[in-house]
Amino acid sequence: MISKANQIKIYSYSIYHSANSYIGITLAEKSLQGLPVDIQRRPIYIPKERGIKVADLQGRSESAALSAYHGEDCLRWAKKYGIEIRLKEPEEFANWVKRWGKMSLGREELPARVYYAARGTGKEHLLDAAFFRASYIELLDVNQESVIIKILNEVGLNAQQILELAHSEAAKQTALEALEEYEKFGCPGVPTWVVEGERFWGKDRVDWVTEKVKQLCKT
């Protein structure tokens, strides 16, 4: 067994309500299986002052036509690779966006904090997968505390304890540091993987991430 110190470190950035992230993270998990990697999961969030949509995180705008295309493209990718996925109706998503705008925290900030609060429990991977499953199979809003409690209970974590930690200053700072790290690397969007300082953006770059790891294994 290869020691942690000798594994290739991969920084993996995503947002829980991003279909591209869900597909990309799922594909990467399968593609990197069995390779000597230490995947550093970094779920991030959209700071409230930046806006609501994923494009807002990067200071971009996205037309209705482009948004519709992304939805179609994700469905095609999921079908091609056998990934279960459901997408919300546009009207329902619009209602969610309105709700997110009224939150005191940034979009996906609470689930990101919950993930970091759960690190060290040994159930981080289960929690991470459960957030994506809730978002894209059960069509639940993981920004809602009631949904988070449901997920924490399902993966066998103490919901009250983890939520208390998630609302602490320490979890707030950890989530902020993950976002600052994402920006320090110059990540252009989600999902992005960083391997030895090299960025790979998008669900269509998973094969490239795997090739990079295999190259590093030979050196």
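The values are calculated or read from the model by the stated rules, or taken from the named source; none is laboratory data. These numbers were taken from a predicted model, which means no experiment stands behind them. Neighbour counts run over all protein chains shown; Cβ positions are idealised from the backbone, glycine included. All accessible areas refer to the heavy atoms of the entire protein, side chains included, with ligands and DNA or RNA removed. Shrake-Rupley method; radii C 1.70, N 1.55, O 1.52, S 1.80 Å.
Once ligands and nucleic acids are excluded and a 1.4 Å probe is used, how much of residue 216 is accessible, expressed in Å² to the nearest 10?
40 Å²
For residue 60, tell me the accessible area in Å² from a 1.4 Å probe, rounded to the nearest 10.
Number for this one is 110 Å².
Run the dipole for the stretch 95-151 about the Cα centre, Lys and Arg Cβ at +1, Asp and Glu Cβ at -1, nothing else charged, and hand back the magnitude in debye, nearest 20.
Using Cβ point charges on Lys, Arg, Asp and Glu, the stretch 95-151 gives about 140 debye.
Just to be sure I understand: of the beta bridges DSSP finds with both ends in the chain, what percent are antiparallel, rounded to 5?
Antiparallel bridges make up about 55 percent of those DSSP assigns within the chain.
Run the numbers for residue 158 and residue 173: contour at 0.36 nm per residue of separation, minus the present Cα-Cα distance, in nm.
3.2 nm
Place a +1 charge on the Cβ of each Lys and Arg in the chain and a -1 charge on the Cβ of each Asp and Glu, then give the dipole magnitude about the Cα centre in debye, rounded to the nearest 20.
320 debye
Computed from the coordinates I sent, Rg and Dmax of the Cα atoms in Å equals one of [x] 17.4, 55; [y] 16.1, 47; [z] 16.9, 51. Tell me the label.
[z]
Name the residue farthest towards the positive end of the dipole of the chain from the options 13, 46, 134, assuming +1 on Cβ of Lys and Arg, -1 on Cβ of Asp and Glu, about the Cα centre.
Among 13, 46, 134, the one farthest towards the positive end of the dipole of the chain is 13.
Tell me which lysines have Cα within less than 23 Å of residue 203's Cα, excluding those fewer than 8 residues away on the same chain?
Cα-Cα hits under 23 Å: 9, 30, 53, 79, 80, 88, 184, 212, 214.
Counting each DSSP H run of 4 or more residues in the chain as -39500 (n - 2.57), what helix-only mean residue ellipticity at 222 nm follows after dividing by all residues, to the nearest 500 deg cm²/dmol?
Taking each H run of at least 4 residues, the total per residue is -16500 deg cm²/dmol.
For the chain, what does the relative contact order come out to in percent, with C-alpha contacts under 8 Å and a separation of six or more?
Contact order relative to length: 31 percent.
Specify the residue with the greatest mean-square fluctuation among 168, 21, 12, computed from a Gaussian network of the chain linking alpha-carbon atoms under 10 Å apart.
Ranking 168, 21, 12 by mean-square fluctuation puts 168 first.
At residue 180 and residue 204, where each label point lies 7 Å from the Cα along Cα→Cβ, what is the point-to-point distance in nanometres?
3.5 nm
Leaving out ligands and nucleic acids, and using a 1.4 Å probe, what accessible area per residue does the chain come to in Å²?
52 Å²
Order 66, 35 by their accessible area, 1.4 angstrom probe, all chains in place, largest first.
Descending accessible area places them as 66, 35.
Using 0.36 nm times the number of residues separating residue 146 and residue 121, minus their current alpha carbon distance, what extension gain do you get?
Extra length available between residue 146 and residue 121 comes to 6.9 nm.
For 123, 172, 98, 30, write out the residues from largest to smallest accessible area, computed with a 1.4 angstrom probe and no ligands counted.
Most to least solvent-accessible, the answer reads 98, 30, 172, 123.
For every other residue with a beta carbon closer than 11 angstrom to the beta carbon of residue 205, add +1 if it is Lys or Arg and -1 if Asp or Glu, then tell me the sum.
Cβ neighbours under 11 Å give a net charge of -1.
Would you list 41, 119 from the most to the least accessible area, probe 1.4 Å?
119, 41
In square angstrom, rounded to the nearest 10, how much accessible surface does residue 70 have for a 1.4 Å probe?
For residue 70, solvent-accessible area is about 60 Å².
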